[in-house]
Amino acid sequence: MKLVQRDVPPRAAWALEQAGVPPLLAKLYAARGVTAATELDDGLGQLLAPEGLKGIDAAALLLADAVEQGRQVCIVADYDCDGATACAVMLRGLKLLGARPDRLGYVVPDRAIHGYGLTPAIVDLALASPKRPERPELLVTVDNGIASLAGVAHARAQGLQVLVTDHHLPALVGDAVQLPEADALVNPNQPGCPFASKALAGVGVAFYVLLALRRELRARGAFAEQPRLDGLLDLVALGTVADVVKLDANNRRLVAQGLKRMRAGRAQPGILALFSAAGRDASKAQGFDLGFALGPRINAAGRLADMTLGIECLLTDDPERALELARQLDAINRERREIEAGMRIEAEARVDELVAQFGGEPPAALCVFHEDFHEGVVGIVASRIKDRCHRPSFVFARGADGLFKGSGRSIPGFHLRDALDLVSKREPDLLAKFGGHAMAAGATLKDASIDRFDAALRRVAEEWLNSEQLARTLQHDGPLPPGTATPTTTRMLDDQVWGQGFEAPLFCDRFELISQRLVGEKHLKLRLRAGGAGGELRDAIWFGRTEHLPDEVTLAYRLSLNEWQGQQKVEFVIEGASA
């Protein structure tokens with residue numbers, strides 16, 4: 001691994017310090033592109049205006065008419081955490097804005113049966129669901145729909161109105177973008193949309209649509225007192241972090257506002273219950289909790305069971321019911337971890353074979369399949385393989401319908417969805433469908449042509465990626481200033497919003513190893529001395545590392561605060577090393 005220090009623009013760091021930002025934070029922010037303290041203002045008044053979203057006025061009119069006329073509205077959700085939180089935000093928001101609860105419902109696809117998005121089968125499910133005895137009149141997609149050409153057409157042929165709210169990239173037909181013929185469409189990534197943040201998650205788009213709806217209803221004189229929507233921001237924060245979208249300034253504000261509500265105990269009962277089930281303290285909520293504790297528990301329902309469980313957890317106002325559902329989600333997540341562990345062993349064995357085939361280095365892209373893989377977990381295993389080998393990685397499983405379904409994860413410089421588009425052009429009879437983002441995508445094969453897909457994807461990777469991009473690098477923020485490895489510093493850093501595209505601080509120093517031993521058979525526990533003889537002694541841990549380190553080594557690490565029996569102690573969590 002190559003450790004690379006981030007550049008710190010001195011003028012930006014100086015300007016931030018002059019504005020009152022603590023020196024350490026000023027350097028960290030400047031290294032991540034922040035140039036003025038105004039960018040750090042997380043107040044709601046600093047959010048981008050909804051008017052910038054193309055199609056949002058039409059969406060507001062459509063929803064306002066539905067609310068006023070008491071139309072039957074059905075939300076079409078997705079089976080991941082972003083889709084679940086977006087569904088909960090839309091349903092809760094519509095109720096806050098005056099929609100009758102008995103006129104609202106939702107459907108969510110089963111990953112194994114229906115696949116992704118607003119398919120014709122999901123339209124039929126919405127029409128036939130016994131949970132909604134009355135026929136829906138308006139379908140509202142959340143976190144899906146932009147590529148659902150056939151589904152939208154089928155819905156409208158059934159006499160339904162359709163509002164698409166999404167954030168994914170639109171479908172390509174040939175080389176041309178093709179949009180569904182919905183009654184209204186809101187997506188910052190549709191052609192011609194001037195909205196400054198293209199990184200909104202699906203739940204963020206849903207929240208913005210509600211802001212526009214409130215404005216439209218207010219103009220119609222619907223409120224004696226304007227309803228507040230900021231109480232939904234805990235859900236927005238969870239979905240945004242869990243979907244690993246880029247935390248640009250606008251997304252950081254959304255997440256910061258949500259975290260504040262969690263820390264103050266003003267989150268939805270389901271959010272608080274998920275903290276409890278995960279053994280986390282909501283009063284100290286961090287983005288890390290959302291991405292690695294709450295998000296996986298919601299996602300587990302869509303991977304192994306029915307996402308209805310996750311959505312109901314986020315919808316209930318009964319704390320006892322919320323805790324019961326959160327515990328069920330926790331149990332499903334434990335099962336998911338067990339399945340993942342077995343799949344990971346099989347996948348890594350296959351990767352080792354490929355590395356041996358290619359002379360000790362992984363090929364430019366990796367594709368792994370095993371007959372026993374579970375289709376709900378392939379994305380997680382692909383992420384693990386990508387992290388291990390630093391290569392675009394796809395993992396396939398045989399779906400319930402017999403087709404091969406894969407999920408992929410990528411590395412910087414390789415746009416995975418665009419790569420799949422090129423594969424589909426070069427091998428026109430290979431892919432049944434595909435879609436996704438730059439860093440994550442999915443594909444279904446028309447037949448058992450795993451080897452063809454492997455060769456085609458590898459060919460694109462060999463063409464697009466150079467040796468520098470294929471070399472594993474880890475960016476860090478340089479040495480931690482002497483005397484700052486304290487609980488106060490750690491808490492200050494933990495209180496900030498970090499995440500995708502705005503990575504958490506990672507420091508780097510040269511250390512002497514005083515001792516090292518394995519704990520739990522798979523983690524390396526270290527005792528370190530910094531700065532030579534007489535330097536500070538520090539405890540550290542490297543999760544998932546079993547190989548011992550040399551007596552002197554350069555380590556990249558983050559700060560973690562351990563609390564035990566009222567005592568607080570800073571520990572270094574190691575992320576990388578070089579000789």
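Count charges around residue 195 for me, please; just the other residues with Cβ under 11 Å from its Cβ, Lys/Arg as +1, Asp/Glu as -1. Numbers along the way, then the final one.
Working: positive: 54, 198; negative: 51.
Around residue 195, the surrounding residues sum to +1.
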Quiz item: Once you put a point 7 Å from the Cα of residue 573 and another 7 Å from the Cα of residue 5, both along the Cβ direction, what distance in nm separates them?
Solution: 2.4 nm
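What fraction of the DSSP beta bridges in the chain is antiparallel, stated in percent and rounded to the nearest 5?
Numbers: 52 of 78 bridges.
Beta bridges within the chain, antiparallel portion: roughly 65 percent.
Going by average Cβ neighbours within 10 Å, how do the peptides 41-53, 358-370 rank, with the highest at the top?
For the peptides 41-53, 358-370, the packing ranking is 358-370, 41-53.
For the range 119-278, would you read off the P(r) tail past 23 Å as a percentage of all alpha carbon pairs?
Details: 6424 of 12720 pairs.
Here the long-distance tail beyond 23 Å is 51 percent of all Cα pairs in the range 119-278.
Just want the ordering: 14, 564, from fewest to most Cβ atoms lying within 10 Å of their own Cβ.
Details: 14 14, 564 7.
Listing 14, 564 from fewest to most nearby Cβ atoms yields 564, 14.
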Exercise. Just grab the label-to-label distance for residue 361 and residue 223, each label 7 Å out from Cα along the Cβ direction, in nm (one decimal).
Key: 5.9 nm
Quiz prompt | Ratio Rg/Rh, restricted to the chain and using Cα atoms, in which Rh is the Kirkwood radius | solution = 0.97
Quiz prompt | Three-way shape label, the range 44-332, alpha-carbon gyration tensor, a/c 1.5 | solution = rounded
Quiz prompt | Proportion of all alpha-carbon pairs of the range 362-470 beyond 20 Å (%) | solution = 29 percent
Quiz item: Could you give the nm distance between label points at residue 515 and residue 177, where each point is 7 Å from its Cα heading toward the beta carbon?
Solution: 6.0 nm
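When Lys and Arg each count +1 and Asp and Glu each count -1, what net charge do the other residues less than 13 Å away from residue 59, Cβ to Cβ, add up to? Each step should come with its number before you reach the end.
Values: positive: 54, 214, 215; negative: 51, 57, 65, 166, 183, 216.
After counting each charged neighbour, the total is -3.
Could I get the Rg over Rh figure for the range 64-142? Both from C-alpha atoms, Rh via Kirkwood, rounded to two places. Kindly include the intermediate steps, with their values, before the conclusion.
Numbers: Rg = 12.1 Å, Rh = 12.7 Å.
Over the Cα atoms of the range 64-142, Rg/Rh equals 0.96.
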Quiz item: In nm, what is the difference between 0.36 nm times the number of residues separating residue 562 and residue 327 and their Cα-Cα distance?
Solution: 82.1 nm
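Using mean Cβ contacts within 10 Å as the protection proxy, how do 265-273, 186-194 order, highest first?
Final packing ranking: 265-273, 186-194.
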Exercise. Answer rounded, prolate or oblate for the range 474-578, using the Cα gyration tensor with square roots of eigenvalues a ≥ b ≥ c: rounded when a/c is under 1.5, else prolate when a/b is larger than b/c, else oblate.
Key: rounded
Quiz item: So what's the net charge close to residue 576: Lys and Arg +1, Asp and Glu -1, counting the other residues with Cβ under 15 Å from its Cβ?
Solution: +1
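We did not get these values from a lab; they are worked out from the coordinates using the rules stated. Quick caveat, the model's predicted, so the values are computed rather than measured. A quick note on method: Cβ atoms are made from the backbone with ideal geometry, for glycine too, and the neighbour counts reach across all protein chains shown.
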